[in-house]
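Colleague: Please read through the structure below; I'll follow up with questions.
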Amino acid sequence: MRPGSVMNRNLQEWIQEVQQHCQPKEIHYVEGTEEENRLIVEALIKQKTLTRLNPALRPASFLARSTPDDVARVEDRTFICSETQEQAGPTNHWRDPREMKETLLGLFRGCMRNRTMYVVPYCMGPIDSPYAKVAIQLTDSPYVVANMRLMTRMGKAALDLLGDQPFVKCLHSVGVPLADGEEDVSWPCNTKNLYISHFPETKEVWSFGSGYGGNALLNKKSFALRIASKMGLEEGWLAEHMLIVGITSPEGIKRYFAASFPSACGKTNLAMLTPTLPGWKVECVGDDIAWMHWGQDGRLYAINPEAGFFGVAPGTSMKTNPNAMLSIQKNTIFTNVALTPDGDVWWEGMTDTPPERLISWTNEEWTPHSTFKAAHPNARFTVGSLQCPIIDPDWQKPTGVPISGIIFGGRRSTTVPLVRQALSWGHGVFLAASMTSEMTAAAKGEVGKVRHDPFAMLPFCGYHMGDYFAHWLSMEQTGRKMPEIFYVNWFLKDEQGKYLWPGFGDNIRVLEWCFSRIEKRGDADLSPIGYLPTLDAINCQGLMVDMKALLKVDKALWKKEADELFHYFQTFRHKLPESLKNETEKLRNVTR
Ligand code: GTP
Ligand code: SPV
Ligand code: MN
């Protein structure tokens, strides 16, 4: 594609502006062809950013190793730069948009010197979907381009769809200009000057300093959640941190669920679940993000805006998630996993016994006696959705799939039972708003620390969380068929620290109960925190589990939760919807 063939006026002007400011050596207009990808990958191998894996074991697949300071999303350096601080709300890091742009213009000045700037047109959602949205990312990272090719619909088709329409502008630089003749490093980044800045009013993202994951692949959290959540507020729809999954019962009834868990809390695993109960079938629509709109028939429909998976590697095995393992047999980019002597990949949890020798993600000799991890806990695989053996036949349906149930859940070793059902839509919104979870390696921070993560959107909501709660409450309208809402916790532990619930494929047993509740069957007791399954309502055939412990509601512990929630909700002040305040009071009263 020559520059002349870029038709969009705004795009042409923007490219020129950025070119003059960032001073790249050249511009590459990304078309998305095989040949183009081959050349980009070859250059990345020459640069030692990528290592080609053994083609006999892992065809057309590559390993990337980042620097130890650039391994996860950095929430402290993620900013929502709305006109006023009130619009960003208490859960976001706010900066004045003019001041932020001034700071960033300083950093971006000349930042692409002696590098190529890639112009990456991409479409979120199926190209023929009425809900699809086009964005352009300008980036100086060819690694980002290679990943976006797998995760989005990238290239000419997206540009053709755009025509002369407005688009979301994503500007990204690793922040490492090169002097004339200076050798590049394998993973350029500038984490001392890290900024992931969002401008929700003008629908822009400016990201500087990181080459990793959600910091740099601006299609994912930055556009599809932070900017899109604002679009959803303005236009009456929902952009959510949710997997989408189709589940068919032994009777042949198929229902779709959306499920929202915080980062590294089981979305990819649930999206690709292999049921341990006979007769059940699971098919995957998406594993991380759902855009949901109301249909003419009053039902909620979800599309997966992505075209690939950026999944957590550690813990993924033929036992826990065979469909993910089968998806990543070829055409996959692995980042920060370990390398085996025969040129394949390995990570903690992939096999019961680790290989005798490995090269760790930090490029060091590793043996089972080593005191450091072979793979980084937030190591990831990037692969196209079509390689998933259980991809749903309707995963690219332009209008999406109808959602019968929405599941929320966090990672809690105590207090929160295996599953419960909300009493109503409003109560479900309350359960989702009160979500708490132990922090994981997916973001920089204190792993294991329990924090509030409303709707698993704490790091991803592009506006005031109180307004977001109100937006969810406003979804309930006459003539609409509201999905049932559930709240799960796969991560309860006993005193010895052992998981009480086997999880993974056995989670179908919980989904079976949800299914039955949607069909107004299934036994439940009313509890202070929603409908709980009766002790024998969940099929535990063949399992040795302590259902009593899994479904226990400890009043004293819940009183503490309720009091603590009350204080958390107070931080939203007048923006906290009245009904959530009332639900909190009710919970405090019944646990008193
Ligand atoms: P992001 O991509 O960061 O949004 O994560 P995710 O929500 O898709 O999480 P994922 O499915 O990748 O799981 C993260 C980790 O939790 C992995 O190490 C899994 O093996 C583990 N995990 C997932 N499901 C279960 C479960 O049911 N039980 C237990 N014990 N662990 C689980
Ligand atoms: C998450 O952290 O929720 C992810 C990975 O899905 S990232 O793309 O880095 O945000
Ligand atoms: Mn995620």
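The values are calculated or read from the model by the stated rules, or taken from the named source; none is laboratory data. Model, not experiment: these values are computed from the prediction. Every residue, glycine as well, gets a Cβ built from its backbone with ideal geometry; the counts of neighbours run over all protein chains shown. When the accessible area is computed, the model is the full protein with side chains, heavy atoms only, and any ligands, DNA or RNA have been set aside. Shrake-Rupley method; radii C 1.70, N 1.55, O 1.52, S 1.80 Å.
Colleague: Kindly indicate whether any position in region 193-205 is within 12 Å of ligand 1 (Cβ to nearest atom) and crowded, with 24+ Cβ neighbours inside 10 Å.
Modeller: Looking for residues that are within 12 Å of ligand 1 (Cβ to nearest atom) and crowded, with 24+ Cβ neighbours inside 10 Å, one finds none in region 193-205, hence no.
Colleague: Kindly list the number of the only condition in (1) away from ligand 2 (no atom under 16 Å from the Cβ); (2) under 25 Å from Val144 (Cα atoms); (3) part of a strand (DSSP E or B) that fails for His198.
Modeller: (1)
Colleague: Identify the single condition in (1) within 19 Å of Phe486 (Cα to Cα); (2) touching a helix residue (DSSP H, G or I) at 6+ places or on another chain (Cβ under 8 Å); (3) within 14 Å of ligand 2 (Cβ to nearest atom) that Ser249 does not satisfy, given that it satisfies every other one.
Modeller: Ser249 satisfies every listed condition except (3).
Colleague: Name the one entry in Ala433, Ala441, Ala422 that is open to solvent by less than 30 Å² (accessible area, probe 1.4 Å) and within 24 Å of Gly246 (Cα to Cα).
Modeller: Ala422
Colleague: Given the conditions (1) open to solvent by 30 Å² or more (accessible area, probe 1.4 Å); (2) touching a Ser or Thr at 6+ places or on another chain (Cβ under 9 Å); (3) in contact (Cβ under 8 Å) with a residue 12 or more places away in the chain, which single one is not true for Tyr212?
Modeller: The one condition Tyr212 does not meet is (1).
Colleague: Suppose we filter region 228-249 for residues that are within 16 Å of ligand 3 (Cβ to nearest atom) and more than 18 Å from Ala470 (Cα to Cα); how many remain?
Modeller: So the answer is 4.
Colleague: Of these, Gly298, Gly315, Gly279, which one is within 16 Å of ligand 3 (Cβ to nearest atom) and not in a strand (DSSP E or B)?
Modeller: Being within 16 Å of ligand 3 (Cβ to nearest atom) and not in a strand (DSSP E or B) holds for just one of Gly298, Gly315, Gly279, which is Gly315.
Colleague: Return yes when Phe223 is open to solvent by less than 10 Å² (accessible area, probe 1.4 Å), out of contact with any Gly (no Cβ under 9 Å at 6 or more places or on another chain) and not in a loop (DSSP other than H, G, I, E, B) and no when it is not.
Modeller: Yes: the conditions hold for Phe223.
Colleague: Does Asn269 count as within 16 Å of ligand 3 (Cβ to nearest atom), touching a residue at least 40 places away in the same chain (Cβ under 8 Å) and open to solvent by 10 Å² or more (accessible area, probe 1.4 Å)?
Modeller: Spelling it out, Asn269 is indeed within 16 Å of ligand 3 (Cβ to nearest atom), touching a residue at least 40 places away in the same chain (Cβ under 8 Å) and open to solvent by 10 Å² or more (accessible area, probe 1.4 Å).
Colleague: Yes or no: region 331-344 includes at least one residue that is within 14 Å of ligand 3 (Cβ to nearest atom), touching a residue at least 12 places away in the same chain (Cβ under 8 Å) and open to solvent by 30 Å² or more (accessible area, probe 1.4 Å).
Modeller: There is no residue in region 331-344 that is within 14 Å of ligand 3 (Cβ to nearest atom), touching a residue at least 12 places away in the same chain (Cβ under 8 Å) and open to solvent by 30 Å² or more (accessible area, probe 1.4 Å).
Colleague: Which residue pairs have Cβ atoms closer than 6 Å, lie 6 or more positions apart in sequence or on different chains, and pair a first residue in region 450-463 that is not assigned by TED's automatic domain parsing to the domain that holds Glu438 with a second residue that is surrounded by fewer than 24 Cβ atoms within 10 Å (Cβ to Cβ)?
Modeller: Close Cβ pairs (under 6 Å, with a partner that is surrounded by fewer than 24 Cβ atoms within 10 Å (Cβ to Cβ)) do not exist here.
Colleague: Being outside the structural domain of Leu576 (by TED's automatic domain parsing) and either part of a strand (DSSP E or B) or open to solvent by 30 Å² or more (accessible area, probe 1.4 Å) (or both): is that true of Gly106 here?
Modeller: Against the criterion (outside the structural domain of Leu576 (by TED's automatic domain parsing) and either part of a strand (DSSP E or B) or open to solvent by 30 Å² or more (accessible area, probe 1.4 Å) (or both)), Gly106 qualifies.
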